[in-house]
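Structure first, then comments.
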């Protein structure tokens with residue numbers, strides 16, 4: 001039996017779908033989540049209300065949300081950046097880790113220097129580490145046409161092992177020599193802490209402002225510069241790009257490097273703005289890199305929108321921490337995030353196709 | 001009377017999003033005739049044949065086979081009813097033998113192949129219809145013409161009474177096409193029906209008994225070929241008079257004033273096999289030099305080398321006496337070589353990009369299109385508006401993605417961009433292939449106008465009529481070499497065809 005519904009390819013994508021589809025996606029995710037909540041014997045309206053309360057509705061809630069949103073904004077931009085050239089970078093996680101390593105090293109080593117110099121150095125070091133790590137994937141892709149999804153994913157595990165090694169497996173520079181029982185990272189001196197600003201009643205971390213500025217710049221780069229034009233042509237048709245004299249391999253490597261730099265700066269914000277220590281276990285548990293992919297998908301791979309989508313997802317994460325307890329399993333927030341990704345991907349299909357009800361068969365000639 | 005009607009399709013309507021591909025088509029083919037289905041691209045020929053072979057279900061209308069109503073829900077149904085299709089793009093497994101390919105997909109209930117049986121039957125069929133091919137040979141060893149015979153044998157083997165051939169001569173030399181026509185005559189003599197899809201008028205005149213002409217998804221009419229002419233068919237197909245005679249040039253070519261010279265060019269194809277072998281040629285200012293050859297004999301690689309997309313292994317090429325660094329697109333562009341590639345929508349253009357973006361695909365690096373690496377959207381827009389007007393591109397606006405334009409308008413966008421750079425040389429690979437008659441006319445006019453302005457044109461084409469009506473001189477490529485250099489006066493279909501097939505013509509090889 002054929003389904004009475006079928007998908008028809010859209011010839012053009014109406015502009016309004018750009019915001020309608022994400023809204024419908026989130027709505028769909030909340031509906032599906034409600035089913036899950038009902039099945040586990042909870043009142044979905046009550047749960048959602050509590051999530052809003054503890055994610056967005058108070059000063060402390062907002063502050064926590066921005067803390068969670070900042071790394072996600074960067075990993076979201078990281079995933080969005082390569083999508084523009086038709087490459088999928090799953091490696092935001094690992095690039096985030098090495099960025100954190102680099103920034104922590106600089107933050108500790110430069111103790112005594114003016115805060116602004118340290119801050120700038122941490123950002124640059126995070127970007128450098130992340131971009132070098134991602135460029136590895138880009139070079140493999142450009143020179144040997146290896147699948148970037150696999151290589152970037154594998155490098156995540158390597159970066160994770162590196163974190164463990166630096167803190168648990170060796171007496172590295174980053175390990176706190178005073179931590180005896182359970183090894184921890186060396187705390188950053190106060191002078192290396194990134195500032196937070198009180199704007200009205202909100203507390204905005206410097207890292208979040210940085211995300212907004214960088215997001216806008218990346219969007220400008222893709223929309224208005226030669227570089228962005230070349231990237232979009234490569235994504236559309238590599239053959240056309242080569243035909244018109246674009247250096248496709250170099251461009252692939254540069255875009256990977258930029259993408260990695262974004263995740264790396266995310267790692268630097270995590271160390272400089274929030275944890276003030278390289279927290280090997282905490283970073284791996286947070287999974288910012290992977291959640292960043294959800295952020296990017298929901299932002300429809302627009303790096304600037306990713307910053308704001310990160311607030312929604314960050315709020316959800318933050319609420320999850322606040323509500324965690326016997327009557328609110330930690331897995332619920334993960335489930336909701338998974339559902340959001342699921343509906344965002346489904347929404348992507350709606351961007352490209354529309355649903356039609358199949359014509360009645362009565363018009364078709366019938367066999368005698 | 002209805003006893004000798006093999007296929008009757010009435011009131012066929014098939015809609016796709018945004019288009020009515022078939023809008024009440026009437027079609028009728030008799031037993032024992034070659035019936036041509038003629039029409040421009042987009043006239044609905046392919047849709048109609050897909051309806052007949054069960055790939056599409058019509059939205060309205062009915063199909064009768066030998067006087068009985070039928071509905072097909074899959075190509076298998078149609079095949080079981082005796083309708084077989086020979087596709088333009090072969091559907092063969094290269095590593096299988098001919099016999100294995102022929103029985104592929106056949107469901108006789110058994111587990112094992114009885115190869116000896118199949119071979120015997122295939123041999124019998126090929127003998128009967130003059131479809132010479134060794135059933136034990138592997139498909140990759142066969143020439144294109146032989147592969148097509150395998151496709152025909154495949155449908156004959158399944159007992160098809162009605163055979164649909166979709167542009168079967170597109171890949172053949174004129175001689176191979178003649179052999180095919182003989183085969184088709186033999187098949188209709190036995191009471192089979194051939195539906196021959198084409199947009200080549202001469203062929204239709206040569207091979208078919210009757211012609212049904214489609215235009216804009218509707219049947220224009222069915223006429224006897226015997227009482228008709230190519231001119232009449234062209235008029236029916238396009239809806240107005242079309243003149244395809246030898247073009248008149250305003251300014252004569254200056255073949256001695258070389259704009260493009262290649263010396264001993266050698267290059268490999270994508271699989272690293274030698275594709276160009278010691279190619280030396282010259283194109284004069286305002287000269288149109290045709291390059292004939294069966295597809296896959298190095299023409300594409302030649303165009304790519306000149307466009308800078310392919311590295312050379314030996315030799316050099318020069319524009320206006322200056323050597324151009326090989327394998328660098330930007331060097332070729334800077335030297336003044338414009339390139340219209342074979343695959344215009346995916347190589348020549350970025351299909352999902354807008355008309356305006358595509359018009360600056362090569363000039364986006366230059367002031368004022370971009371200033372200090374920032375794109376100047378205003379300049380891009382006004383450039384597009386000028387081009388769209390000058391080249392008469394039919395598009396809703398300049399932001400429309402080129403993939404939504406018709407084939408002719410896609411090519412106009414490409415030509416507009418290539419000509420606007422003020423080239424010295426234009427390398428055009430099959431610039432009219434797949435276009436409808438009206439668009440072909442426009443493209444040819446543009447090429448001739450450019451030549452009149454002194455641009456040297458290397459016109460690579462498999463369409464001999466086109467080469468003979470446009471070129472000042474015709475080169476023939478065979479296995480990566482230039483095997484013929486004929487003035488248009490001395491070139492004939494036969495002499496070109498022989499050279500294209502690898503034969504040497506005394507005195508003509510250059």
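Every number in this text was worked out from the coordinates using simple rules, so none of it is lab data. Predicted model, so just to flag it, every value in this text is computed and none were measured. Here Cβ is always computed from backbone atoms with ideal geometry, including for glycine, and neighbour counts include all displayed protein chains.
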Fill in the blank from the handout: Nearest-0.05 FRET efficiency for residue B:489 and residue B:128 at R0 = 56 Å, using Cβ-Cβ distance, is 0.85
Handout entry: Kirkwood-based Rg to Rh ratio, the protein assembly as shown, C-alpha trace
Key = 1.05
Exercise for the section: Would you mind pulling out the separation of the Cα centroids of segment B:250-320 and segment B:97-155, in Å? Expected result: 39
Fill in the blank from the handout: One would report the Cα pair-distance distribution of segment B:1-117, bin width 10 Å, in %, as 12, 37, 30, 17, 4, 0
Problem - Coarse-grained scattering of segment A:265-308 at q = 0.20, 0.23, 0.24, 0.29 Å⁻¹, given as base-10 log I(q)/I(0) from a Debye sum over alpha-carbon atoms - result: -0.70, -0.83, -0.86, -0.98
Problem - Per residue Cα convex hull volume in Å³ - calculated over segment B:305-386 - result: 118
Completion exercise
Quick calc: nm separation of the 7 Å Cα→Cβ label points for residue B:141 and residue A:170 -> 6.0
Handout entry: Estimated FRET transfer efficiency when R0 is 41 angstrom, pair residue A:346-residue B:394 (beta carbons, to 0.05)
Key = 0.70
Fill in the blank from the handout: Computed over segment B:230-375, the Cα gyration tensor eigenvalues, each multiplied by 5 and square-rooted, give semi-axes in Å (largest first) of 28, 25, 19
Practice task
First measure r as the distance between the Cβ atoms of residue A:19 and residue B:229, then evaluate 1/(1 + (r/R0)^6) with R0 = 60 Å and state the FRET efficiency to the nearest 0.05.
Solution key: 0.50
Completion exercise
The rounded separation in angstrom of the Cα centers of segment A:166-232 and segment A:288-305 is 17
Practice task
Would you mind ranking A:201, B:370 by Cβ crowding within 10 Å, fewest neighbours first?
Solution key: A:201, B:370
Practice task
Ratio to report: Rg/Rh of segment A:64-298, with Cα atoms as the point set and Rh obtained by the Kirkwood method; give two decimals.
Solution key: 1.00
Practice task
Mind telling me which of A:264, A:92, A:27 comes out most flexible in a GNM of chain A, alpha-carbon contacts under 10 Å?
Solution key: A:27
Exercise for the section: Can you quote the Å³ per residue value for the convex hull of the Cα atoms in segment B:354-422, rounded to an integer? Expected result: 74
Fill in the blank from the handout: Averaging 1/r across every pair of distinct alpha carbons in chain B and inverting yields a Kirkwood hydrodynamic radius, in angstrom, of 24.7
Completion exercise
When B:95, B:198, A:192 are ranked with the fewest other C-beta atoms within 10 Å first, the list becomes B:95, B:198, A:192
